[in-house]
Amino acid sequence: MTDDMLFQGLKQAFEARKLDVVGDYRVLNQPSSYVYSAWDNVAPLLLLLVASLVVMVVFKLLAGIVALLVAVALYVVGVRTWVANRLHGRLSRLLFRDLTAFNVLWRGGGFSLLWIGPQPELCRAPEGNWRYFAERHTMTAALAAPEGEENEVPA
């Protein structure tokens, strides 16, 4: 099977929710990563700090300190989760855009392909052999699919 056929099989499996992408937040949330966006990290922090500063100026110092503590809690609990979700979405979109993008991201690493099923299996980038993984799982899925179903691997 060609790389393009294997890639198309992975893309169809992802769209059918038989395959997921699991990213490593620490690796992907760095400037060297292709899915990194500085604004995802800076904008929420600036917004929270400016909001607490406005509270401090409009009200009193104590209210500003309380607002800053709330902002820190929101950043630790909410913003990091939001950034992780944005990284996952951007990684998924870029990864299955085309074969060239897939290969570039695969060499960069920081994520794994997760086959969802009775026996889940991970294939880590860049150490794992994605071609073997794709051939093994997409061929199995194509053979197990009922006739007429559209999630078969293209010939």
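The values are calculated or read from the model by the stated rules, or taken from the named source; none is laboratory data. Keep in mind that this is a model prediction, so the values were computed, not measured. Virtual Cβ from ideal backbone geometry, glycine too; neighbours counted across all protein chains shown.
Would you say Val27 is among the hydrophobic types (A, V, I, L, M, F, W, C), touching a Ser or Thr at 6+ places or on another chain (Cβ under 8 Å) and within 15 Å of Ala84 (Cα to Cα)?
Here the answer is yes, as Val27 does meet what is asked.
Wholly within segment 1-116, which helices (runs of 4 or more DSSP H) include no fewer than the required count, namely at least 3 residues that are touching a Leu at 6+ places or on another chain (Cβ under 8 Å) and touching a residue at least 24 places away in the same chain (Cβ under 8 Å)?
3-15, 80-95
From Leu62, Leu53, Leu122, Leu87, which residue is out of contact with any Lys or Arg (no Cβ under 8 Å at 6 or more places or on another chain), buried (at least 16 other Cβ atoms within 10 Å of the Cβ), of a type outside the set (S, T, N, Q) and at pLDDT 90 or above?
Leu87
Has segment 47-56 got any residue that is among the polar types (S, T, N, Q) and under 19 Å from the mean Cα position of the chain (by Cα)?
Within segment 47-56, not a single residue is among the polar types (S, T, N, Q) and under 19 Å from the mean Cα position of the chain (by Cα).
Would you mention how many residues in segment 117-129 are part of a loop (DSSP other than H, G, I, E, B), of a type outside the set (Gly, Ala, Ser) and under 14 Å from Asn103 (Cα atoms)?
The number of residues fulfilling the criteria is 3.
The conditions are (1) in contact with a strand residue (DSSP E or B) (Cβ under 7 Å, 6 or more places away or on another chain); (2) farther than 21 Å from Thr138 by Cβ; (3) polar (S, T, N, Q), and Asn85 fails exactly one of them. Which is it?
Status for Asn85: all satisfied but (1).
Those residues that are in contact with a strand residue (DSSP E or B) (Cβ under 9 Å, 6 or more places away or on another chain) and of a type outside the set (Phe, Trp, Tyr), I need them from segment 13-26; list them, please.
Of everything in segment 13-26, those that are in contact with a strand residue (DSSP E or B) (Cβ under 9 Å, 6 or more places away or on another chain) and of a type outside the set (Phe, Trp, Tyr) turn out to be Ala13, Lys18, Leu19, Asp20, Val21, Val22, Gly23, Asp24.
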